[in-house]
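The values are calculated or read from the model by the stated rules, or taken from the named source; none is laboratory data. The model shown is predicted, which means the values in this text are computed figures rather than measured ones. Ideal geometry is used to build each Cβ from the backbone, glycine not excepted, and the neighbour counts take in all protein chains shown. To get the accessible areas, we keep the full protein, side chains included, count just its heavy atoms, and leave off ligands, DNA and RNA. Shrake-Rupley method; radii C 1.70, N 1.55, O 1.52, S 1.80 Å.
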Amino acid sequence: MSTEVITHFAQLALSAPVLQAVNEIGYESPSPIQAQAIPPLLAGRDLLGQAQTGTGKTAAFALPILSRLDIGLAQPQVLVLTPTRELAIQVAEAMQTYARHLKGFHVLPIYGGQGMDTQLRALRRGVHAVVGTPGRVQDHLRRGTLKLDRLTTLVLDEADEMLRMGFIDEVEQILQHTPAEKQVALFSATMPAAIQKVAQKYLRDPVEIKIKNKTSTVAAISQRYWEVTGLHKLDALTRILEVEEFDAMIVFVRTKTATVELAERLEARGFSCSALNGDMNQVLRERTVERLKKGSLDIVVATDVAARGLDVERISHVVNYDIPYDTEAYVHRIGRTGRAGRKGEAILFVAPREKRMLRAIETATRQPITPMQLPSHADIADRRVTQFKQTISATLAAQELDFFEKLITDYQREHDVTVDKIAAALAYLVQKERPLLPAAEKSTAPAAARADRAERQEKPRGRDEARRGHTAERSVEAGMVRYRMEVGRDHGVQPKNIVGAIANEAGMDSQNIGHIKLYDDFSTVDLPAGMPKDIFKHLTKVWVCGQQLRLSVLSGDGQQGEHKSAAAPAPRKDQPKHAKPHPKKSAKPKPKVKMKK
Ligand code: AMP
């Protein structure tokens, strides 16, 4: 194999349509696992890859597999086994994206909990690739509805997770159903003995790849992370930009497209910001870095490649908006701050499924990364007020104000108002464009808008009153149940976060989310009665603004005024999985809860 250093996808022998898709998506360069895994996979070799989620391993196997696929043969040529349905869906979606220029390509995710019919219909129509959880795949094999006689490649994704979840026997049985002549790729974050055994038994002379997590020291940099829940990353970043004291900042994202998009969105929110990516010509890139150095620009949104070697003393903050692929990239990124003996701050956004990478980074840097609370609206307001006062002081110190003083004295005499009042009116005018009391983040969800309005109209009540479960201020509508959630204003929550979390996590149409009310350290939400137990349980564990919701029933649907303990409202036996409003209350048209598949 050639020893050339791979820095561009074009250096890999991917098929033209696959390369075109990668270019359009905007990946700037192959991640380490992609650079190492794609050539042997394209050559038909077996592969044993030690890498975790977030390293770009999906593309590492999907791109070469798609490059070798026979599109004319609509039979399963590729099978990817994953431990969870979420990962199956994610991998199938990624494959579909990378195959956007392969006309007629079909990939089918199959997993338990989804109706068999849909899967059977799709299988009958013909698919090129199947991505599934071991149980359901085995089910189809047993029924003879999935045939693997034309299989050319099998991928075991997150093998250690499959082992941990007790699927390894099923995986082996599936392997025994596959043709002897095939390519096998096994990916696992760790290599316990049981996985090594599977590898020895089913992989033939595999190329072994390990994405090393080197240890490095980054002592001068204080590191924090925010777990992405409830709020969009863009809104979270906006809050940080408002409140953190920073000189200059680099925000890291994964794609060239994202550098431009995020820079534009931040500019639209009033921040001086520019993209830095490999698509920009040298002159433009140098000019951007120069502006950052001189202080005419404060925020740069960059990819790893574009920021390589960047040395600007002013950079006080690095924000990892998208988590890096490996610990080395992380260390390189945060090394852009703390230059020339200064102190640096690093902030990392971590989605729940990226927690493993967070732990790997902590191990590699031998430094704890502490969880952070996002600044609340109150923090933002404080900061804006402080800045406003500073502007007043600076103006008093530096400006010639005689003309204006006379103007105010005249006004005071003519209108008989106090100087305080006049000053207040002028202060109002000055801050009108950027109110000192910030409004909630914008949302397109109607329920969120409703909830925002409700939040603004109703002042929060005292803690104790609400803790007693006193719900006199607004009774619960028929067919609805009021729940208490253990996240409140003190945690920086807004109705919008609650709507987002419930809509996503419960698969509920946001239209059906009723009245939301915020208190200091908790809040309440009205939801259609008859929530299935599993969804209730799931919502209880969901994190919003760093707090677990720990849902409990307050009142409603026949329970008005009672403060119930954290028991799920039991769904009726005859109720379908999709919750229905309570049958007894029929005064008003009842909302339906739609669960997204
Ligand atoms: P994975 O490790 O496969 O879960 O991928 C993690 C994320 O990295 C996904 O959101 C991919 O879209 C993204 N990604 C994969 N390869 C690249 C690349 N070469 N450049 C930028 N982003 C990538």
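Quick one: which residues, 5+ away or cross-chain, put their amide H under 5 Å from the amide H of Ile110? H built at 1.01 Å from N.
Placed amide hydrogens put Val131, Gly132, Thr133 under 5 Å from Ile110.
How would you rank 517-526, 413-422, 101-110, highest first, on the average number of other Cβ atoms within 10 Å across their residues?
Ranking the peptides 517-526, 413-422, 101-110 by packing returns 517-526, 101-110, 413-422.
For a label point 7 Å from the Cα of Arg204 along Cα→C-beta, name the residues of region 136-171 whose backbone N is under 18 Å from it.
149-156
For the peptides 169-175, 530-536, 181-187, what is the packing order when you average, over each peptide's residues, the other Cβ atoms within 10 Å and list the highest mean first?
181-187, 530-536, 169-175
With r as the distance between the Cβ atoms of Lys432 and Glu405 and R0 = 25 Å, compute the FRET efficiency 1/(1 + (r/R0)^6) and round to 0.05.
Details: r = 23 Å, r/R0 = 0.91.
E(calc), rounded to 0.05, equals 0.65.
Roughly how many Å is it from the Cα centre of region 168-200 to that of region 358-413, as a whole number?
So the two Cα centres are separated by 57 Å.
Could you calculate the FRET efficiency of Arg356 with His8 from 1/(1 + (r/R0)^6), where r is the beta carbon distance between them and R0 is 22 Å, rounded to 0.05?
The computed FRET efficiency comes out at 0.15.
Show Asp379, Asp322, Asp46 ordered by accessible area, largest first, where the area counts protein heavy atoms only and the probe is 1.4 Å.
Largest accessible area first, the list is Asp379, Asp322, Asp46.
Could you tell me which residue out of Pro371, Ile361, Ala307 lies farthest along the dipole of region 221-371 toward its positive end? Charges go on the beta carbon: Lys and Arg +1, Asp and Glu -1, centred on the Cα centre.
Going by the Cα projections, it comes out as Ile361.
Could you work out the equivalent-ellipsoid semi-axes for region 53-125, taking the square root of 5 times each eigenvalue of the Cα gyration tensor, largest first, in whole Å?
19, 18, 9
Using all Cα-Cα distances in region 204-362, what percent lands in each 5 angstrom bin from 0 up to the longest?
Final binned percentages: 2, 9, 19, 22, 21, 14, 8, 3, 2, 1, 1, 0.
Answer with one residue from Val417, Ser393, Phe403: the one whose Cα lies farthest towards the positive end of the charge dipole of region 377-430, charges on Cβ with Lys, Arg +1 and Asp, Glu -1.
Final value for the positive-end residue is Ser393.
Ala74 to Thr97: extension gain in nm, 0.36 nm per residue of separation minus the Cα-Cα distance?
6.5 nm
What number do you get for region 377-430 when its Cα radius of gyration is normalised by 2.2 N^0.38 Å, N = residues?
Relative to the rule-of-thumb radius for its length, region 377-430 sits at 1.35.
Taking the convex hull of the Cα atoms, report for region 9-210 its projected area averaged over all directions, in nm².
Across all orientations, region 9-210 yields a mean hull projection of 10.2 nm².
Using only the Cα atoms of region 134-246, construct the convex hull and provide its projected area averaged over every direction, in square nanometres to one decimal.
Projected over every direction and averaged, the Cα hull of region 134-246 covers 12.0 nm².
Can you tell which of Ser296, Ile323, Gln282 lies farthest toward the positive end of the dipole of region 221-371, using +1 and -1 charges on the Cβ of basic and acidic side chains (Lys, Arg; Asp, Glu)?
Of the listed residues, the answer is Ile323.
At 0.36 nm per residue, and after removing the present C-alpha to C-alpha distance, how many nm does the segment from Asp521 to Arg287 gain when stretched out fully? Let's see the in-between values first.
On the way: separation 234, 0.36 × 234 = 84.24 nm, distance 4.77 nm.
Net length gain for the segment: 79.5 nm.
Starting with the highest mean, order 149-157, 488-496 by the number of other Cβ atoms within 10 Å, averaged over the residues of each peptide.
With the highest mean Cβ count within 10 Å placed first, the list reads 488-496, 149-157.
Note down the accessible area of Met280, probe 1.4 Å, to the nearest 10 Å².
The accessible area of Met280 comes to roughly 30 Å².
For a quick check of understanding: with a 1.4 angstrom probe and all protein chains in place, what accessible area in square angstrom does Asp311 have, to the nearest ten?
80 Å²
What percentages, rounded to whole numbers, describe P(r) for region 214-276 computed over all alpha carbon pairs with 5 Å bin width beginning at zero?
P(r) for region 214-276, in whole percents per bin: 3, 13, 22, 25, 19, 11, 5, 1.
List the GluC sites (Glu not before Pro) within region 326-407 that DSSP assigns to loop and that have no more than 11 neighbouring Cβ atoms inside 10 Å.
Glu400
Separation between the Thr255 and Arg308 pseudo-spin-labels, each 7 Å from Cα along Cα→Cβ, expressed in nm?
According to this spin-label approximation, the distance is 2.1 nm.
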